[in-house]
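These notes are about the structure you will find just below.
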Amino acid sequence: MRVLLAEDDPLLGDGLKTALQAEGYTVDWFKDGRHSLHAALGEAFDLVILDLGLPGLDGLEVLRALRDRKKDVPVLILTARDALDDRVKGLDLGADDYLTKPFDLDELAARLRSLIRRSHGRGVTLLEYEAIALDPATRSVKQGGREVELTLKEFKVLRYLLENLGKAVSRRRLEETVYGWDTEIGSNALEVHIHNLRKKLGQKLIKTVRGFGYRVG
Ligand code: CA
């Protein structure tokens with residue numbers, strides 16, 4: 001799951017990024033409205049966490065521009081405690097949920113899981129293929145009912161492939177999903193994760209799509 005975090009407060013942004021990464025999200029953090037909007041329009045994100053008080057372009061304008069251009073990515077807005085007006089405007093403009101500052105990180109994590117479930121429809125959380133069942137909410141993977149230990153990056157790779165079941169996923173897309181934009185990627189890091197996943201889950205699960213990437217199903 002790839003999250004766009006738009007927050008100009010360095011301490012809060014840093015804390016959020018760390019907490020979200022610990023939950024298994026890949027986080028791209030932007031500190032002003034224009035860059036946030038540009039990224040949200042240009043790239044595929046599963047979620048946007050949008051502070052409303054942003055420099056450059058305020059959060060409500062970012063939200064309006066996203067919805068005007070038919071970007072239907074789930075958006076959770078962060079507002080000041082006394083800013084009822086902003087909350088109402090945000091929801092009217094198409095925000096999916098809001099949290100008022102200060103908020104509890106566990107609550108944020110729960111809200112995000114719920115937004116993801118809603119955006120995937122049906123309220124189903126398990127991603128399943130053959131004997132494999134991946135639960136994004138608990139960050140666990142089972143094979144034939146048996147728990148399989150995966151590293152966080154292996155988990156992200158597998159989750160993305162299962163979310164795109166039957167479709168070839170490019171190496172670049174997978175690397176972005178696992179690392180975001182701001183981390184140096186070792187040239188064979190992705191292959192290492194794929195290798196380890198095959199070792200743990202069987203050689204046949206992840207197919208190599210020559211010259212492009214990988215596929216499950
Ligand atoms: Ca702010």
Review point. Using beta carbons and a limit of 8 Å, which pairs, at least six apart or on different chains, have the first residue in the range 70-86 and open to solvent by 20 Å² or more (accessible area, probe 1.4 Å) and the second one basic (Lys, Arg)?
Key: Ala80/Lys101; Arg81/Lys101
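Residues checked against (1) within 23 Å of Leu20 (Cα to Cα); (2) touching a Pro at 6+ places or on another chain (Cβ under 6 Å); (3) away from the ligand (no atom under 16 Å from the Cβ):
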| residue | (1), (2), (3) |
| --- | --- |
| Leu52 | yes, no, no |
| Glu61 | no, no, no |
| Arg64 | no, no, yes |
| Arg67 | no, no, yes |
| Lys71 | yes, no, yes |
| Leu76 | yes, no, no |
| Ala80 | yes, no, no |
| Gly90 | yes, no, no |
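A quick yes/no check of all residues on (1) under 26 Å from Ala110 (Cβ atoms); (2) open to solvent by less than 30 Å² (accessible area, probe 1.4 Å); (3) touching a residue at least 24 places away in the same chain (Cβ under 8 Å); (4) hydroxyl-bearing (Ser, Thr, Tyr):
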residue: Leu126; (1), (2), (3), (4): yes, no, no, no
residue: Ala133; (1), (2), (3), (4): yes, yes, no, no
residue: Arg139; (1), (2), (3), (4): yes, no, yes, no
residue: Gly144; (1), (2), (3), (4): no, no, no, no
residue: Glu147; (1), (2), (3), (4): yes, no, no, no
residue: Leu152; (1), (2), (3), (4): yes, no, yes, no
residue: Phe155; (1), (2), (3), (4): yes, yes, yes, no
residue: Gly166; (1), (2), (3), (4): no, no, yes, no
residue: Arg171; (1), (2), (3), (4): no, no, yes, no
Check your understanding: Out of the range 201-217, which residues are assigned to a loop (DSSP other than H, G, I, E, B) and under 24 Å from the mean Cα position of the chain (by Cα)?
Key -> Leu205, Phe212, Gly217
Exercise for review: Mind telling me which of the residues Gly56, Gly24 ends up being away from the ligand (no atom under 14 Å from the Cβ), of a type in the set (Gly, Ala, Ser) and at pLDDT below 95?
Suggested key: Gly24
**Study point:** Residues within the range 3-19 that are more than 25 Å from Lys89 (Cβ to Cβ) and either open to solvent by 40 Å² or more (accessible area, probe 1.4 Å) or more than 14 Å from the ligand (Cβ to nearest atom) (or both), tallied
**Key:** 6
Point to revise | Matching option when the condition is outside the structural domain of Leu201 (by TED's automatic domain parsing) and under 25 Å from Gly42 (Cα atoms), among Tyr98, Tyr160 | key: Tyr98
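The values are calculated or read from the model by the stated rules, or taken from the named source; none is laboratory data. Bear in mind that the values here come from a model prediction, so they are computed numbers and not experimental data. Cβ: placed from backbone, ideal geometry, glycine included. Neighbour counts: every protein chain shown. In case anyone asks, the SASA skips ligands and DNA or RNA and just uses the protein heavy atoms, side chains included. Shrake-Rupley method; radii C 1.70, N 1.55, O 1.52, S 1.80 Å.
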